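Student: First the structure, then my questions, so here it is.
Coordinate-derived values only; no laboratory data. Just so we're clear, the structure is a prediction, and the values are computed from it rather than from any experiment. Note that we place each Cβ from the backbone using ideal geometry, even for glycine, and neighbour counts take in every protein chain shown.
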Amino acid sequence: MSGELLAIAESAARSAGALLLERFREPATGVDAKTSRSDLVSDADRAAEALIARAILDARPGDALVAEEGAAAEGDSGVRWLVDPLDGTINFLWGVPHWCVSVAAYDADGGIAGVVHDPNRGETFTAVRGDGARLDGAPVAVRPPSPVSEALVATGFEYTAEARARQARLLTTVLPAVRDVRRFGAAALDLCWVAAGRFDGYFETGLKAWDRAAGELVVREAGGAVEDMPHDGVVAGHPELVAALRALVAAG
C-alpha cells in the first residue's frame, strides 16, 4: 500500500506544483489575511489544494483528509492525508522562489508516505516508512553529528507579534551558540534540507500538522530525529545533534 500512497502523493504534488508555477509572479488574486497580516492565503493556494484533494479522494475515496485551507474529508480506511498546498505563501506572493507543495499519508502508527515538491528547483523529496528518503530518486541522509557550536541551523517565525517577540528573544541565545542561522520561510523545505544534509538542524514553533507531516517523515527516513517542543514546536537533525539543540532552545 505504501507504494500506491507515494505514487498518489507525488502525482498530486507535481500537478499542484505545475499549477502554482504557472501563477508564480503573476498578479495575485483572492488574497486574504488569516490569523494576522503576515498570514495570507490566495486563490493559488486554494486552487492547488482543490486539485490535490480531488486527486487523492478520487483515487482513494475511503481516506480521510485535512488540508491547510479547509479541504477536509472523513474516512474509514485508517489512512489520513495531511496537505499543505503551498508552503511559503508569503514567498510566493512576493516573487521569492522558495516555496513548495507538501503531501503526506499517515495511519495510526505515523507517516506512511510523504512528498515535498519544490517546483522552482525541480526537486522532489520522497519518503516511505521503512524504505528511506530520496531526492529525485537518489537516497539522502542527514549530516553526521557535529558540536552544536558548528551547526548550521534553520528556523522560522510565527505570525503574531507576541510570538515573534518570543522567537526574537530566543535567537539571542541560539545565534551566538551555533555556526549560523538561516530563515527561508518554508518549514517543509527546511525539514527536507535537514534530511539532505543542507542544514545540520532545524527548530521552529507554531507549526501545524500539515506543515511538518511530509518533511518529518523525510527526516526520519534519512536517519534523523524529529522531536516535539513547547508552543507546537519541533527540533530536527541527527539524533545526537537534536538533543543538544533542543537543550539550547529550551535554555532560551
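Student: So if I take the alpha carbon set of segment 177-231, get Rg, then get Rh from the Kirkwood formula, what is the Rg over Rh ratio?
Tutor: A ratio of 0.93.
Student: State the Kirkwood hydrodynamic radius of segment 63-135 in Å, one decimal place, computed from all pairs of distinct Cα atoms.
Tutor: Computed over segment 63-135, the radius equals 13.3 Å.
Student: To continue, here is another question. Report, in deg cm²/dmol and to the nearest 500, the calculated mean residue ellipticity at 222 nm for the chain, where each DSSP H run with n ≥ 4 adds -39500 (n - 2.57) and the sum is divided by the residue count.
Tutor: Result for the chain, helices only: -12000 deg cm²/dmol.
Student: On to the next question. Using Stokes-Einstein with the Kirkwood hydrodynamic radius over Cα pairs, what translational diffusion coefficient do you get for segment 1-112 at 10 °C and a viscosity of 1.306 mPa s, in µm²/s rounded to a whole number?
Tutor: 110
Student: Need the C-alpha centroid separation for segment 191-251 versus segment 1-61, integer Å.
Tutor: Their Cα centres are 24 Å away from one another.
Student: Now for a separate question. Scale the Cα Rg of the chain by the rule-of-thumb value 2.2 N^0.38 Å and send over the ratio, two decimals.
Tutor: So the chain has a normalised radius of gyration of 0.96.
Student: Okay, next question. Report the local net charge at G78: Lys and Arg +1, Asp and Glu -1, summed over other residues whose C-beta lies under 15 Å from its C-beta.
Tutor: -3
Student: What's the percent breakdown of Cα-Cα distances in segment 148-251 across 10 Å bins, shortest bin first?
Tutor: 16, 56, 26, 1
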